[in-house]
Every structure is written in structure tokens, then in C-alpha cells.
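Worksheet for the structure shown next.
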Amino acid sequence: MRPRLIWIPIAWGIACFAQPKPALPAGPEATVATTVSFTEGPAADADGNVYFTDVTTSRILKFSPKERRLTTFRDNSNRANGLLFDPQGRLIACEGSDAERNEPRVTRTDLKTGRIEVLADRYQGRKFNAPNDVTIDSKGRLYFTDPAPDATSVVRSSSTGKTGVPGVYRVDPDGKVTRILAGPAIEWPNGITISPDDRTLYLVEANKVERGTRAIRAYDLAADGSVSNMRIHYNFYPGRSADGISIDSRGNIYAAAGLNRLRGTHETLDTRPGIHVISPRGRLLSYTAIPEDTITNCGFGGPDLKTLYVTAGKTLFEIHFDVAGIRR
């Protein structure tokens, strides 16, 4: 069955209809002056509610598919980005922070009590740069990405007290934090997920600079949570790479990638903007267009986990697939 795309607007507009008028000469091109909404990180709870972030306004939003109702779950979210529900139903959030607060961290919220617990905010005494996205394995270990601030391999200045190095970290159930990947071996880590059998870790490289890596890397994931044997699983270069990724029960990757319009980087429009479904062997299986920028992330929900929720610009989209996803 062909996927069906449904729009769930976050910022509502009013459509005005009038009689057709004679064509006029084209005026000057309009460009974006500012952005009032930048949605990210969708994750569904056990009841089917979809939580996602608005990075621009620093909020975590909650959408109820049954009621078609949108509410604010958390204000002042410390610029939360990627979200995940753990097996106990607690909400994991990557919080990028801002310059004034300067508290980049990974947190866990108990939805019953509202208590927010800090899981990780430093590595070897230094703050993280801006935790971006997170996944989990069957042992309950969290893996999150922490790109460097300027999309280059290593930030030389240490005046901010941050690591300055792009990294991928693992948080064990006992709270131990381990860096499993670091620059310059990785450049700008973004989306991350793990295969259903726990044997492969997939990592998005989204480096926007000239000749920057824009691809999904694959690594062998060992029983102890370490990685090895890096290979390029799917290459988006020279177009825009994926941002967030999800995975289904068959091991297919769902990548939110591409641009509808150029945005002043070295990324081209070669990557079609939408959801790219990629097999465990790295073959493109299907594509669903998303007609809004910037396409950022996706996550499975619905009663059978066959609905993919996609964040893009001011809108949350939903696509119905035949294969069930997994919460990773």
C-alpha cells in the first residue's frame, strides 16, 4: 500500500479565495527573515500521544491523535531537540541549551510525577556541546550524539568549557558515561538508531561545509556497547544529508533528508526532500515527499506502530506504512 501523507499544522493560517485575476509581472523574490517554529524529535508514548520539540521557542509539545489536539507539555525546555521514550515510559530529552543558560544535557522525565532527572551533562569534567539525538538498545543503554558547535571536525577554543569535539556517547543503566566515537573520526553527528538485533549502530553525518560528509554511517555494535568496522551505509552527498532517522521491525531505516530550497550552505538539492526508506543492505526502497522545510526528524507511533510522524518546519506530518516500527 502506498504511504498516505497527512498534514498536522502547528501554526494555523487562514486561506482566502477570490476570483482569478489577470497575470501580473513577477515581483522580487521573498526570503526568510526569521523563523518562529522549528519542530524536531517526535516520539510516541504507550498511549499513542506524540511528543515533539519546537527548538525555536524552547518547548516540548504533545499531540493527541485520538482527539487531534495539540498542547504544550513543557515550557522552557532548555532547547530540547531529540526525544525518546524508554521501556518504563519515561521521556528522554537531548537538551542543547542556549548561551545564557549554558546547560547542555540529557534528561529523563517521569510523566507521572513530572520529575526531571539529569542523566548526563559532562564528560571528563567538560560540558557537552549541544546533545542532539538519542537512541536505546535492548539492554537499556542510551546512545546520544553531540555535534561540535561550528560543523567542523574539532573546535580549537576551549573558552566555553565544553568538549569542543563532536562525539557519540553511551549512558549505561548505572549512570556511567562513555564516549564511543569522537572527532576527527566523525564530523557532525546527528540522527542515531540501532538495528532490532542490537548488532548495528547507524549514525547520520550531516556536515554542511564544502566536502563535508553527508551520509549514514554503519558500525558493528558489540555486546559491551563499543563500535567498530565503520562503513558508509547510504550516501546523500552532495545533497542535504538525513537529519533524524528511525527504524522498523525489519531493520529498514527511515531517514528525514533533503531540502525544498537552498539555504546558503554547500548542500545541493540533489537529495529529494522527504522520507527515504533504506534497507539493511543500503538500498533505497521507497520515498515519500515532504513539501516543507526544514525536514528534521521522524518517529513511529500509532496503536500498531505503523504511523510515522515527521517534523518539518512548523508542521507535524503523519505517514501510514505497512511495516511496524520500533521505539528506538
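Evaluate the following for Leu262: is it among the aliphatic types (A, V, I, L, M), more than 19 Å from Asp86 (Cα to Cα), surrounded by fewer than 15 Cβ atoms within 10 Å (Cβ to Cβ) and without any contact (Cβ under 8 Å) to a residue 24 or more places away in the chain? Give the steps one after another, and end with the answer.
Numbers: among the aliphatic types (A, V, I, L, M): yes; more than 19 Å from Asp86 (Cα to Cα): yes; surrounded by fewer than 15 Cβ atoms within 10 Å (Cβ to Cβ): yes; without any contact (Cβ under 8 Å) to a residue 24 or more places away in the chain: yes.
Yes; evaluated as a whole, the condition is true for this residue.
Can you tell which of Ser246, Ser195, Ser279 is farther than 24 Å from Val171 by Cα and of a type in the set (S, T, N, Q)?
Details: Ser246 fails: farther than 24 Å from Val171 by Cα; Ser195 fails: farther than 24 Å from Val171 by Cα.
Of the residues listed, the single one that is farther than 24 Å from Val171 by Cα and of a type in the set (S, T, N, Q) is Ser279.
Give the residue that is surrounded by the fewest Cβ atoms within 10 Å (Cβ to Cβ), with candidates limited to residues of segment 212-222 that are of a type outside the set (Val, Ile, Thr) and in contact (Cβ under 8 Å) with a residue 12 or more places away in the chain.
Asp220
In the list Phe317, Phe321, which residue meets the criterion of being touching a Lys or Arg at 6+ places or on another chain (Cβ under 8 Å) and within 25 Å of Glu67 (Cβ to Cβ)?
Phe321
For segment 280-328, enumerate the residues that are of a type in the set (Ser, Thr, Tyr), in a strand (DSSP E or B) and surrounded by 19 or more Cβ atoms within 10 Å (Cβ to Cβ).
Thr288, Thr296, Thr307, Tyr309, Thr311
Does segment 292-315 contain any residue that is among the basic types (Lys, Arg) and farther than 24 Å from Ala215 by Cβ?
yes
Looking at Thr57, Thr71, which one is in a loop (DSSP other than H, G, I, E, B) and either touching a residue at least 12 places away in the same chain (Cβ under 8 Å) or not basic (Lys, Arg) (or both)? Walk me through how you get there before you give the answer.
Values: Thr71 fails: in a loop (DSSP other than H, G, I, E, B).
It is Thr57.
Pick from segment 231-260 the residues that are assigned to a strand (DSSP E or B) and farther than 13 Å from Val204 by Cβ: which of them is nearest to the chain's Cα centre (by Cα)? It would help to see each step written out before you state the result.
Within segment 231-260, the subset assigned to a strand (DSSP E or B) is 231-235, 239, 242-248, 253-257.
If we keep only those that are farther than 13 Å from Val204 by Cβ as well, we get 231, 239, 248.
Numbers: Arg231: 21, Gly239: 18, Asp248: 16 Å.
It comes out as Asp248.
Only one of these conditions is not met by Ala46: (1) under 21 Å from Thr307 (Cα atoms); (2) in a strand (DSSP E or B). Which number is it?
(2) is the only condition that Ala46 fails.
Laboratory data are not the source of any read-out in this text; all were calculated from the coordinates shown. Computed from a prediction, not measured in an experiment: that's the story for all the values here. Please note: Cβ atoms are built from the backbone with ideal geometry, for glycine as well, and neighbour counts cover all protein chains shown.
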